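Written out below as structure tokens is the structure these notes cover.
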Amino acid sequence: MKILKKCTLPLTGVEVVDHIVTELAFIDVTPAGLVLRELAPEATLEQVQSLTEPKLLLPPGGPKVLEG
């Protein structure tokens, strides 16, 4: 997983993504930025942020940890 600020491939749609789902996290795409909603049990905030170029925003109370 690697989330970049800007796509380097041809786009098939612009501003049509609401969520990003990976093996490590569930992220909402909002006008304010990327909001980390949920983490996989084995993932850490630091790990997900290291793979995400934009700064992740956190919801009040932090991201939920999914039950494994």
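Read-outs throughout are calculated quantities, based only on the coordinates presented, and are distinct from any laboratory measurement. Treat the numbers as computed from the prediction; the structure is a model and nothing was measured. Here the Cβ positions follow ideal geometry from the backbone for every residue, glycine too, while neighbour counts run over all protein chains shown.
Data table
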quantity: Residues with amide H under 5 Å from that of Leu34, placed H, sequence gap 5 or more; calculated: Leu57
quantity: Inter-label distance for Leu57 and Glu38, nm, one decimal - labels placed 7 Å from Cα along Cα-to-Cβ; calculated: 2.0
quantity: Chain lengthening between Glu46 and His19 when straightened (0.36 nm per residue, less Cα-Cα); calculated: 7.7 nm
quantity: Interchain or long-range residues, amide H under 5 Å from Val65's placed H; calculated: Leu39
quantity: Amide H partners (placed H, <5 Å) of Thr52, local residues excluded; calculated: Ile3
quantity: Helix-only mean residue ellipticity at 222 nm for the chain, each DSSP H run of n ≥ 4 adding -39500 (n - 2.57), per residue, nearest 500; calculated: -2000 deg cm²/dmol
quantity: Modelled FRET efficiency - R0 25 Å, Leu11 with Lys64, Cβ distances, 0.05 increments; calculated: 0.25
